[in-house]
Amino acid sequence: MTKAPAPSEIDWQNLGFNYMDLPYRFLAHYKDGQWDDGKLTEDATLHISEGSTALHYGQADFEGLKAYRTKNGDIQLFRPDRNAARMQKSCERLLMPPFPTDKFVAAVKSVVKANADYVPPYGTGGTLYLRPLMIGVGENIGVHPAPEYLFTVFAMPVGAYYKGGVKPTNFTTSYYDRAAPHGTGQSKVGGNYGGSLLPGSEAHKAGYSDVIYLDPATHTKIEEAGSANFFGITKNNEFVTPKSNSILPSITKYSLLYLAEHNLGMKAIEGDVFINDLDRFTEAGAMGTAAVIAPIGGIEYQDQLHVFYSETEVGPVTQKLYDTLTGIQFGDVKAPEGWIQKV
Ligand code: PLP
Ligand code: COI
């Protein structure tokens, strides 16, 4: 394992989104029907049985959230209770033992505190990305839930996920689906991402940031991007995002639905977004924890590139949404009650 460089050697402005082996992570073990207390460890590797269900049958789920450095040097989290709740839902879907919300948030905070020197300075645009992960482990070979589980939270400083950051990039639709109509699309499970590697790689090779998946039943409606949800802005000042039971219920999306309505005075709509009706949008973007708000320049569909606002400039509404969301996350804009937790 290559250890992370010392904080003083890190170029905070140009982090990208890469794994880094930081000094500490949290690890808890579920055995005989209960979770142990878990603890911080310096070991970045896991030693598990070859019969582990996570390896064979995809019994694995994860989360993604960030810690933000504020102007006065404090560190804070954005809605970590929502990540805990979503992970419990993912666990339900894969017959894994839910990790309680209070313990989840405490584990995240302990990892942030232990690696506090790696939370990027305010103003660099960097954040500390946290990756909670649960896997089924132990001896098993039949297609049944595992006898034991590991829950870990590790961290790394990150910058922009899509290389444009807040500059627009283009996305493409795909022949492939990310999830089945009544499958696991709503859950943050490893298998959804395994299946997205091939379409994602084809999109990258063709010069696109990510795939925009269409609904698996009819291929007529936008579902979401490979690593983020989709939104469009209409001429009538509406914030529109797809409603579907096979997309990930994005915490960023629900936050922006609220902020569009309450802070920006827009109409916030979760509904159908037909791929043949993109003219209704003056701006579009991808939103998520890693993606933050990434403006979409254009979407390729049936060999045509549909450009929204511009391929090079971020639109004014997208910029306002970005400023409001990141302002709250970094502590510069007043947050709705309960959204921010100090570390
Ligand atoms: N959709 C997918 C497929 C994702 O992987 C993510 C990232 O977590 C999102 C949407 C955005 O969700 P959130 O805003 O909770 O990070
Ligand atoms: C996130 O935004 O946290 C994600 O999980 C997206 C991707 C890195 C898988």
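Values in this text are rule-based calculations from the coordinates and carry no lab data. As the structure is a prediction and not an experimental result, all values here were calculated from the model. Heads up, the Cβs are rebuilt from the backbone with ideal geometry, glycines too, and the neighbour counts pull from every protein chain shown.
Structure values in brief
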| item | result |
| --- | --- |
| Over the chain: Rg over Rh, Cα atoms, Kirkwood Rh | 0.96 |
| Helix-only CD estimate at 222 nm, as mean residue ellipticity for the chain, using -39500 (n - 2.57) per DSSP H run (n ≥ 4) | -6000 deg cm²/dmol |
| Chain lengthening between N14 and D37 when straightened (0.36 nm per residue, less Cα-Cα) | 4.6 nm |
| Rounded to 10°, Cα long-axis angle of helix 101-114 versus longest principal axis of the chain | 90 degrees |
| For the range 120-168 and the range 252-285, distance of Cα centres in Å | 27 Å |
| At R0 = 22 Å, FRET efficiency that the Cβ-Cβ distance of D323 and K235 yields, to 0.05 | 0.55 |
| Nitroxide proxy distance, nm - points 7 Å out along Cα→Cβ at T70 and E50 | 5.2 nm |
| Candidates per trypsin sites (Lys or Arg not before Pro) in the range 212-292, loop by DSSP, up to 15 other Cβ within 10 Å | K235, K243 |
| Stretchable slack from D272 to E202, in nm (0.36 nm times residue separation minus alpha-carbon distance) | 22.6 nm |
| Shape category assigned to the range 19-131 from the gyration tensor of Cα positions, a/c cut at 1.5 | prolate |
| Under-17-angstrom lysine pairs by C-alpha in the range 208-343, whenever the two are 8 or more apart or on separate chains | 10 |
| For the range 119-231: rounded, prolate or oblate by the Cα gyration tensor [a/c cutoff 1.5] | oblate |
| Inter-centroid distance (Cα atoms) of the range 39-110 relative to the range 329-343, Å | 21 Å |
| GluC sites (Glu not before Pro) restricted to the range 1-110 and DSSP loop, no more than 16 other C-beta within 10 Å | E42, E50 |
| Folded to 0 to 90 degrees: helix 251-262 orientation relative to the chain principal axis, Cα | 40 degrees |
